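*Asks:* First the structure, then my questions, so here it is.
What follows is calculated from the coordinates using simple rules that are stated; it is not laboratory data. All figures in this text were calculated on a predicted structure; none of them were measured in a lab. Ideal geometry is used to build each Cβ from the backbone, glycine not excepted, and the neighbour counts take in all protein chains shown.
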Amino acid sequence: MNDLHRRKFLKGAAVLSGAAICGIATAKNAKADDRLPENFVPPPLPWGYQELDPEYVRKLGHLGYYLEECGGGAFWAIMTALKEKVGYPYTLIPLPTKEEFLDHLAGKGEGKHLQGVMQYGVGGVSNFGSLCGAPNGSASAITYAVPFEIVQQIVPRLLRYYESGSFPSDEVNSYAVNKELYPPKYKSGKKLPQSVGHSVLCHVSVGKWCEHSGYASGSSERSERCGRLTGDIAAMEVTLLNAHLKGNLETVYPMKLTQETAGCRSCHYKDKKYEQGQFTRGSMECSSCHTDMTPHKGENNLKTAFGTDVGTWAGAAVIGTTAGIGTHAVAGRFNNKEPHDEE
Ligand code: HEC
Ligand code: HEC
């Protein structure tokens, strides 16, 4: 802990617990006076947010990836920027400093990794290829910062940005080409090809990028691509939070599903009427997996309580969509306090 953080931290701890902080600690791995008093209680969440610079966070996200991959890197970037700006209680989170990271990369550290919170997010949760770590780590970070109802408005937007954006962005590509990113030596200094994943899954996003770019999944270019993407996603999270702070989230990033997904979701969402299609949940882009977009015309093996005529439903869907039960109405579920997606 450096002096500045230490002082703020001690002040905060004293206010919070009302305890005297002296002569308590004998922990082996921490300096004796670094230890918290035994009756110390961290403050309840949320810990608050102050406007952050998305471009700074983009660069931190890229650096974070070099030692803690996508999940740990995105979390580290946002939390480090918050720690620097807000101080206590963000100083309570174990976060290696930027200088420690850079020392490691310069070969002065011990071992390959500095272990970090959310690092398990790597490769879609410990390399299982499911949810990409970058939005996972970012979402975790903001859950420290803002009330949960705000998290619920911001995270789906971040996931839509992830699904629909072309990565790595022009911004981060140009930082790399101009050598404005932090690591002393990049995995690749090239302007990397960009692709749209249409999915929040690591498996799909990486696969599509590899197919598009011609680089193998184990190449250093693919790794660099994920590092830059980590920066992009962390930066977007901060952009969304800044917008929320100024009350213009809806203008900066309106929640918009594809027309197709919105159409499907006019029937398939989380609710009670099984026979109307309410035996699913979620808002991922349906067409990334359901490639045959006429699921209702073929023979179906799903039993509904009332043996719905699937052909009729599909027809109704088209009418429903063109009549405007479309993108906006469905997206509205994220803002209104309807129960569909909250548990
Ligand atoms: C990541 C891939 C993926 C995405 C994206 C996806 N689905 Fe599915 N969906 C599946 C799989 C896999 C099944 C199970 C298929 C089976 O049981 O044969 C399924 C099943 C379903 C079923 C049948 C119920 C069931 O459990 O068998 C419906 C209805 C459905 N999905 C609708 C949607 C809608 C609507 C969307 C978009 C909001 C969507 N899906 C997005 C993969 C996906
Ligand atoms: C107008 C309502 C409606 C819309 C719109 C709709 N569905 Fe369905 N869907 C249903 C109903 C109802 C069922 C269950 C039918 C049954 O099994 O009796 C169903 C069943 C399914 C199944 C399971 C079919 C099977 O063979 O197991 C899938 C998959 C599915 N829908 C995907 C989609 C996708 C993808 C879209 C958007 C392109 C979509 N649905 C749009 C009402 C709808």
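*Asks:* Working out 0.36 nm times the residue gap between Gln50 and Lys270, then minus their Cα-Cα distance, what length gain in nm do you get to one decimal?
*Replies:* Length difference between fully extended and current span is 75.8 nm.
*Asks:* Now for a different question. Simple spin-label model, 7 Å along Cα-to-Cβ: Glu171 to Lys191 in nm?
*Replies:* Inter-label distance under the simple model: 1.8 nm.
*Asks:* Order these peptides, 184-195, 130-141, by their mean beta-carbon neighbour count within 10 angstrom, highest first. Mind showing how you got there, number by number?
*Replies:* On the way: 184-195: 15.5, 130-141: 27.0.
For the peptides 184-195, 130-141, the packing ranking is 130-141, 184-195.
*Asks:* Here's another thing I want to ask about it. Order 154-160, 82-88, 233-239 from most to least packed using the mean count of other Cβ atoms within 10 Å.
*Replies:* Result, highest mean first: 233-239, 154-160, 82-88.
*Asks:* Do the alpha carbons of any pairs in Lys208/Lys256; Lys98/Lys208; Lys98/Lys187; Lys85/Lys185; Lys85/Lys190 sit beyond 25 Å of each other, and which pairs?
*Replies:* Lys98/Lys208; Lys85/Lys185; Lys85/Lys190
*Asks:* When the distances between all Cα atoms of the range 87-196 are binned every 5 Å from zero, what whole-number percent does each bin get?
*Replies:* 2, 10, 13, 16, 22, 21, 11, 4, 0
*Asks:* Give the calculated FRET efficiency between Thr251 and Glu38 to the nearest 0.05, with a Förster radius of 35 Å applied to their Cβ-Cβ distance.
*Replies:* For R0 = 35 Å, the calculated efficiency reads 0.10.
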